[in-house]
Every structure is written in structure tokens, then in C-alpha cells.
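Enquirer: If you scroll down you'll find the structure; I have some questions about it.
Values in this text are rule-based calculations from the coordinates and carry no lab data. A quick note: this is a predicted structure, and the numbers were derived from the prediction, not measured. Counting neighbours? That spans all protein chains shown, and the Cβs are built from the backbone with ideal geometry, glycine included.
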């Protein structure tokens, strides 16, 4: 399957365009466009989308280490971590990162104005830095196959040095090079001092003759061999200069931008990053602390009310037992005592044989009243000597029938009507008392 790839890349204050077609691990139809305005380049190469490659001095690159590997956690703190290491605030910068292995990430920060001024259209698929683009192209063409290597990219006076161990970013330095500066020497000296890191290869890409002098100096000083890959040899074209590695890499990234550092600011999942500055991080932390406090408070309140409910429900059997048997001593297991008393009622029928059991007395009284009598009992009390109950019925005659029915219960004597009156709703209210 063929895919089109295109890029607009910065070069010595100007811009050039790159377009070609990708088929598996080969590219065809490479076309380099120079000498045109930026607007013309966007019209000629960006019809189907394109990548943008800024020079190394346009953005900050940092290697950061975290004690965790969760991308969501890294996303929350990355802007603060970047801002602590930069001389400027990240409020007006695009920040992005990619994982580089074992809790380490490669982070990038670029002023939002650089992208917004010229590349704010939706056809931009990725915005990258030329050192990263050149490294991607070298790996894409299998020029770099070692897992332990050092990569040096010179883009004018802006230099990036990256060391990889087991294909994970181990070391990163970005600086401005000049003949009077010792930054380049110090960078390679630090790599050489690491006794646990033995790079299998050194690879260099430069865009001017200064690169040849730097290579000679490093090889002689540190006794290493630095490879300078030839793009013309890889592509089989003599008109492909080595500085074009960055342009080819940017175009390759535009064809498959997912998973790579993108400073376009168009990633929705990182849309909040410009606001997560030191001050914004403080606000977020305070908000999270307040939220945690509220959650903790709600959890404590929930536990408190559940505990009260449990204590209430746990005490209910004892309370019901005391109401049912007010003269009985306290018991530890009221449920079991209820079961034993119910069994005793089954074994000893009759009111006289179980006079001390109010439930048995109420059962006998209820059973003695005929089903044809409309009666509602509102109160009942009993002890070992007498009982009484009150309620309402539909007529005085029904009240008399209730009294007659209770008198017929075996073991009940001296039944008398203590109260009998007609209520406002034409119901007859009564109260009966009898002895056991």
C-alpha cells in the first residue's frame, strides 16, 4: 500500500518542502522544493497534510525520570516538571512528551506563537524538532540498528546529543555550540565517564562544514569512531544532501504521527497542559485535596450512620421482648427466648394454662370473637391475674356480642364492660376487662 508523505522544514532561516511516496520500507518520487515563500510551500506540499520540522533551537528538549510509568499521572505533572527546568514559564508554550523507557520520558516545549503564527491550519499532522526527525529517519532506514548508541545532530549552532541504552533514552544534552564553548566536549566527556555504558556506535548528522571539524575533534579527543550516514547512498540519489535527513524524517513522521512527540498543540488529550503551570498545578492540587477531604468526610458520616443503624437494629429484639414480657428478666438471646416461649404456647394451649403469656391470651380472645362481628382492637394488656382490651365496633349490639364471646373463654371470669360510648364517626368505642 502506498502512502503520501510531505513536510515543510526550516533550514538556515528559510523553509523547504519535501514530498515522496512510501511503499513498505522504500520511498519513491522524492521531490525537494526550495526558494519559495512559506505560503507557496503549504499550497504545494500540504494538500493531503504535512509535518513541520523546526530547527533544534526552536524548542526545549528534556529527559525526565519519574518513579511511576502511568501516563495519566505523568500527564498531570509534566508541565510543572518542565517549567522547573526552563528559564521561562510554560503558560504560553506547547508541552508534549513520549515515554522513553523505565519511567523516563522525553519532553518537549515550544512557544505557542511559533506554531500559531504560520501553522495553525488543520492540515498539520505533526510539529517536531529536526534532531528527532533525523533520528527517526535513520532508524526507519535501519541505518541505526544498535540498541546502545550515541546520536549527535548539528543544526547550525544548535546541537542535540542523545545517548541510548537498550533503546531507552539515557542521556540528553541540548546547547548552542561555538568554537569557544566547551559544551560539546563536556557532553561527550560525561558519556565517556559512565563505566556502565559502552555505546556500540556513534552516529552524527550535520548540515554544514562545521560538522566535519567537530567530528574530527571528537574522534581524536575521545578515541571513538563517528559514523556520518550518507542520505544519497541510502536513497540512491546523488542530489540528496545529508542535511535532508531531517526533512525526510519529518515527512515520514507526518505519515504516521501517533506515538511521537508532537508540538502542534492539537492533541486533545493534552489540551489542558498549557494551563497546568506552577500556579495552575497549585490550584489543581488544592482542588484535589479539598475533594479528598470531602470524600473522607462523607465516608466518615456514612460509617457513623451505618453504625447507629446497626446498633438500633441490634437492640430491637431485646426491646420487643421487654414489651412483650415486661415482667421477664433480661436475656442475652431474645430471639431464642421468643422461639422457646412460642414452643411452650404450642405445648400448653388455653388461657388458664398459660396466663402469664399475653400472646396466648390475645390469641384466645381473638379466636372467641365471631368472624361476622366487625371489630378493631386498638389496645390490649394482660398479666397473670387479669387482662383488658379496648377497640371499636359498629354497634352497641356488636359490643355486647364481643363481651358474651369473651365470657365463654375457659378460665376467664368476671368480664365487665368498663367503657361504652358512641364516637363522632358513629363508631361504638368499648373497653372490656376480665380476670384469669
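Enquirer: Mind checking the angle between helix 71-85 and the chain's longest principal axis? C-alpha axes, 0 to 90 degrees, to the nearest 10.
Expert: So the inclination is approximately 50 degrees.
Enquirer: For a quick check: sort 305, 164 by the number of other beta carbons within 10 angstrom, fewest at the front.
Expert: Numbers: 305 10, 164 22.
By the 10 Å Cβ count, ascending, the order reads 305, 164.
Enquirer: Related question: Need one number for segment 130-175: average projected area of the convex hull over its C-alpha atoms, nm². Write out the running numbers ahead of the final one.
Expert: On the way: hull surface 11.9 nm².
Computed as one quarter of the Cα hull surface, the answer is 3.0 nm².
Enquirer: Please label the shape of segment 16-65 as rounded, prolate or oblate, based on the square roots a ≥ b ≥ c of the eigenvalues of the alpha-carbon gyration tensor (a/c under 1.5 means rounded; beyond that, a/b larger than b/c means prolate, else oblate). Spell out each step's value before the answer.
Expert: Working: a/c = 2.55, a/b = 1.35, b/c = 1.89.
Note, shape of segment 16-65 comes out oblate.
Enquirer: Find the eigenvalues of the gyration tensor of the Cα atoms of segment 1-160, then list the square roots of 5 times those eigenvalues as equivalent ellipsoid semi-axes, largest first, in whole angstrom. Intermediate values should be presented prior to the final figure.
Expert: Numbers: eigenvalues 156, 85, 47 Å².
Equivalent ellipsoid semi-axes, largest first: 28, 21, 15 Å.
Enquirer: Compute the angle between helix 130-140 and the longest alpha-carbon principal axis of the chain, please, reported from 0 to 90 degrees and rounded to the nearest 10.
Expert: Taking Cα atoms only, the helix is inclined about 90 degrees.
Enquirer: Whole percent per 5 Å bin, from 0 to the bin with the longest distance: what is P(r) over all C-alpha pairs of segment 386-436?
Expert: 5, 23, 33, 20, 12, 5, 2, 0
Enquirer: Given only helices, namely DSSP H runs of n ≥ 4 each adding -39500 (n - 2.57), what is the per-residue ellipticity at 222 nm of the chain, to the nearest 500 deg cm²/dmol?
Expert: When only DSSP H runs of four or more count, the value is -12000 deg cm²/dmol.
Enquirer: Continuing with the same structure: Taking the 0 to 90 degree range and rounding to the nearest ten, how far is the long axis of helix 358-368 tilted relative to the main principal axis of the chain, both from C-alpha atoms?
Expert: So the inclination is approximately 60 degrees.
Enquirer: Related question: Average projected area of the Cα convex hull of segment 294-347, in nm²?
Expert: In nm², the orientation-averaged hull projection of segment 294-347 is 4.7.
Enquirer: Still on this model: Eigenvalues of the Cα gyration tensor times 5, then square-rooted: what semi-axes does that give for the chain, in whole angstrom, largest first?
Expert: Numbers: eigenvalues 1870, 127, 76 Å².
Equivalent ellipsoid semi-axes, largest first: 97, 25, 19 Å.
Enquirer: Report, to two decimal places, the Cα Rg of segment 123-231 normalised by 2.2 N^0.38 Å (N = number of residues). Show your work: numbers first, answer last.
Expert: Details: Rg = 13.6 Å, N = 109, 2.2 N^0.38 = 13.1 Å.
Rounded to two decimals, the normalised Rg is 1.04.
Enquirer: While we're looking at this one, here's another question. Could you give the distance between the Cα centres of segment 323-339 and segment 280-319, to the whole Å?
Expert: 35 Å
Enquirer: Please give the Cα centre distance for segment 15-35 versus segment 383-430, rounded to the nearest Å.
Expert: 109 Å
Enquirer: So how do 218, 138 line up by other beta-carbon neighbours within 10 Å, fewest first? If you can, show how the numbers build up before the last one.
Expert: Working: 218 21, 138 24.
Fewest-to-most ranking of 218, 138: 218, 138.
Enquirer: For 222, 387, 325, which order do you get if you count the other beta carbons within 10 Å of each Cβ and list the fewest first?
Expert: Values: 222 14, 387 24, 325 18.
Fewest to most other Cβ atoms nearby, the residues stand as 222, 325, 387.
Enquirer: Taking the alpha-carbon centroid of each part, what is the distance from segment 106-139 to segment 160-210 in angstrom?
Expert: 22 Å
Enquirer: Right, next: Could you please tell me the mean projected area of the C-alpha convex hull for segment 348-435, averaged over all directions and given in square nanometres to one decimal? Intermediate results must be reported in sequence, preceding the final value.
Expert: Working: hull surface 20.6 nm².
Mean shadow area of the hull around the Cα atoms is 5.1 nm².
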